[in-house]
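Structure first, then comments.
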Amino acid sequence: FSASKMAASMENGSSENTDTFDVCILLLKEECDETSSNACLQTLLKIFQNVVSHPTEEKYKVIRTENKAFASKVWCYSGAQQFLLATGWTEVDDTVVLTGDSSSLTTAIKVLQAHLSTEAQNATPQKQSQSPQKQAINHVMNQDSKKAKVLDEGRKKQLEAYKRQMEEKKRIREQIEADRRETKTRESKSSKAQTVASGKGMTKFSDIGIDVNKGGG
């Protein structure tokens, strides 16, 4: 089965999370090659499985971002970071801690397994001669693959929309900072101008005929 086929067979309440996880994986695959993305997904799968298998052990719910394997395989990719955040993990100082409900990890595990399984199937060469049964199975899988392609295209559009949204937010922040600097500069110039103007308007002793240098008497 394709990743989308397996994802569709999950609980109805997890469909929204599944879409989020798929977008995170697409983002990851844009950041690195297939080998690196698979290594990242396998590491995430192991992390999540450890938490689910040992629910009472806190050590599996805290990961140091300076850990060499974690830093090089997972934390260096934005897609992987977003995946962790989507499953309830939070960055705290130099660690990543599972602070949310671990129930979403079960769905995340299924999504990861589905993607890794699909990658493994795509990497396996097909035999030249196949029985009618296998041909029928392959036909169904090809249909699923076409459907998955359509879904992937939809998720890629979601990813592009997400990127545009982030770029727009960045542009707005930069514009706000520029406006703030311009306002500050304008206020500073206005303040200096007022000081100079007030100085020019002052009446001096010499203006009214009094020589301050002349002695009294």
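For the reader, a short list of remarks on this structure follows.
- Pick from the range 53-70, criterion among the hydrophobic types (A, V, I, L, M, F, W, C) and surrounded by 13 or more Cβ atoms within 10 Å (Cβ to Cβ), ranking: farthest from Thr99 (Cα to Cα): Phe70
Yes/no matrix, rows are residues, columns are (1) hydrophobic (A, V, I, L, M, F, W, C); (2) part of a helix (DSSP H, G or I); (3) under 16 Å from Ser37 (Cβ atoms); (4) in contact with a Phe, Trp or Tyr (Cβ under 8 Å, 6 or more places away or on another chain):
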{"position": "Gln81", "(1), (2), (3), (4)": "no, yes, yes, yes"}
{"position": "Leu84", "(1), (2), (3), (4)": "yes, yes, yes, no"}
{"position": "Thr90", "(1), (2), (3), (4)": "no, no, no, no"}
{"position": "Gly100", "(1), (2), (3), (4)": "no, no, no, yes"}
{"position": "Lys110", "(1), (2), (3), (4)": "no, yes, no, no"}
{"position": "Ala114", "(1), (2), (3), (4)": "yes, yes, yes, yes"}
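- Within the range 103-128, residues that are under 18 Å from Phe83 (Cα atoms) and hydroxyl-bearing (Ser, Thr, Tyr) sit with their Cβ atoms under 8 Å from residues that are crowded, with 22+ Cβ neighbours inside 10 Å and at pLDDT 90 or above, at 6+ positions apart or across chains, in these pairs: Ser104/Thr87; Thr107/Phe21.
- Counted residues, the range 157-180 - those being among the aliphatic types (A, V, I, L, M) and under 23 Å from Gly79 (Cα atoms): 3
- Criterion violated by Gln42 - all others in (1) modelled with pLDDT of 95 or more; (2) within 27 Å of Lys157 (Cβ to Cβ) satisfied: (2)
The values are calculated or read from the model by the stated rules, or taken from the named source; none is laboratory data. Remember, it's a predicted structure, so these values are computed and weren't measured experimentally. Positions of Cβ are generated from backbone atoms using ideal geometry, with glycine treated the same way; all protein chains shown enter the neighbour counts.
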